Amino acid sequence: MIYLFGDVHGQFDHILPALLKTREQDGVQTVIFLGDIEASKPFEEEIAPLLDAGVDVWFIPGNHDTDTHQSWANLLPSWHRNLDGRVVVIEGLRVAGLGGIFRGEIWFPPGERLHQSFDAYQRSRHFNSTPQLAGRLLKHSSSIWPVTVDAMSLLRADVLVTHEAPSSHPHGFATLDTLGQAMGIRALFHGHHHRSMNYSAFDDALGFRAYGVGFRGISDVHGGLLLPGKYDER
C-alpha cells in the first residue's frame, strides 16, 4: 500500500506506529512525504526506522524546506528519493511529483511566466553580487518552474503528488487541474494547507479524484484516512 504524508514539519514519531497497525494486511508499504519535511538531521537518518522496517520512502519538497540552508542540505543526500518533476513506477502505479509552490517573482498562475527555469532566473539581470543572492536562490529552489510543468504535461501518470493544491481548494490553482488532465491521472494528493480534504464534489470538473492531506496526517492511495491531521475536525 502507498501512503501519503501531510506536512510533518520535522516531526516523524507518529509515522512508524501508524504503519505497523496495517503492516499485516498491507504487505509491501511505501510512503510519500508531500513536502515541508524540515528534517532537523539528514533525511536518511530521520527515515532510518522506516527503512529498517522495509518501508520504501519517497518525497517532494515544500516551501518550508528552503527556509534554512540546513533543512535543504538535509534533503540533498536523499535526492534519489525525490519525485519532483518525474514519474516513477511505485507498487505498479505511475506516480508523478511536483514539489514546491508558485511564487509571484517566478510564476503565479494565471499570471505571466516571468522566469522559465531556475537556471534562467539565476542568469537573469536581477542578479549581481549581493548578500541577498544566496538566500533568494535557496528560496526559489522550492519554487514551481514553468519548464517543469511543461515537461511533466508530456508524461503519463496514474497519481500526481503535489505540495500546492488544485482549484478545488479555495487557494488552489487551475494550472494543476490542467496538468493532471494532460497526464491522464486518476488521483491527486497535496499537502501545504494542513487539512485533510476530500474534493469528491469536484470529481467531474477535475476529471480525477483529489485529496488534501492534513498536518501530520496520513492517507492511503485510495483516499482512505489512516491518521487524521492535527488540525482536522474530529
(message) If I fit a long axis through the Cα atoms of helix 174-183 and take the longest principal axis of the Cα atoms of the chain, what angle between them do I get, 0 to 90°, rounded to 10?
(response) 70
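When the accessible area of the chain is split by element with a 1.4 Å probe, what percent falls to carbon and sulfur? Could the numbers behind the result be given before it?
On the way: 5560 of 10550 Å².
The computed percentage sits at 53.
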(message) Apply the Karplus curve 6.51 cos²θ - 1.76 cosθ + 1.60, θ = phi - 60°, to the phi angles in segment 72-88 and return the couplings in whole Hz, x for Gly and Pro.
(response) 5, 4, 5, 8, 4, x, 9, 4, 5, 9, 7, 8, 4, x, 8, 10, 10
(request) Name the lysines eligible as straight-distance cross-link partners of K230: C-alpha to C-alpha under 24 Å, and not fewer than 8 places from it in the same chain. (result) K21, K41
(message) If I stretch the segment between S141 and A174 completely, what's the gain in nm (0.36 nm per residue apart, minus their alpha carbon distance), one decimal?
(response) 9.6 nm
(message) Using a 10 angstrom Cβ neighbour count of at most 14 plus a DSSP loop assignment to flag exposed GluC sites (Glu not before Pro), which longest range of the chain is free of such sites?
(response) 113-232
(request) Starting from the Cα of Y231, step 7 Å along the direction of its Cβ; do the same at V88; then give the gap between the two resulting points in nm. (result) 2.8
(message) As an exercise, identify the trypsin sites (Lys or Arg not before Pro) in segment 1-90 lying in DSSP coil whose Cβ has no more than 12 other Cβ atoms within 10 Å.
(response) K21
(message) Calculate the FRET efficiency for H80 and H222 from the Cβ-Cβ distance with a Förster distance of 25 Å, rounded to the nearest 0.05.
(response) 0.40
(request) Starting from the Kirkwood radius over alpha-carbon pairs of the chain, derive D by Stokes-Einstein at 4 °C in a medium of 1.567 mPa s and give it in µm² s⁻¹. (result) 72
(request) Could you please report the charge total around R23, scoring K, R as +1 and D, E as -1 over all other residues with beta-carbon less than 14 angstrom from its beta-carbon? (result) -4
(message) How charged is the neighbourhood of H192? Take every other residue with its Cβ under 15 Å from the Cβ of H192, and add Lys/Arg as +1 and Asp/Glu as -1.
(response) -4
(message) Show log10 I(q)/I(0) for segment 113-234 at q = 0.11, 0.14, 0.17 Å⁻¹, two decimals, from a solvent-free Debye sum over equal Cα scatterers.
(response) -0.46, -0.69, -0.89
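Given a 1.4 Å probe and heavy atoms of the protein chains only, how would you sort T162, T175, largest accessible area at the top?
So the residues, ranked largest to smallest area, are T175, T162.
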(request) Considering only DSSP beta bridges where both residues belong to segment 127-226, give the percentage that are antiparallel (nearest 5). (result) 25
(message) I want to make sure I understand the PRE zone here: with the label point 7 angstrom from the Cα of A182 toward its beta carbon, which residues in segment 194-219 have backbone N atoms less than 18 Å away?
(response) 206-208
(message) Among G217, Y3, I60, which residue has its Cα furthest toward the positive end of the charge dipole of the chain, with +1 on Lys/Arg Cβ and -1 on Asp/Glu Cβ?
(response) I60
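The values are calculated or read from the model by the stated rules, or taken from the named source; none is laboratory data. This one's a predicted model, so the numbers in the text were calculated from it and none came from an experiment. Here the Cβ is made from the backbone with ideal geometry for all residues, glycine too, and neighbour counts use every protein chain on show. Keep in mind that these areas ignore ligands, DNA and RNA; they rest on the heavy atoms of the full protein, side chains included. Shrake-Rupley method; radii C 1.70, N 1.55, O 1.52, S 1.80 Å.
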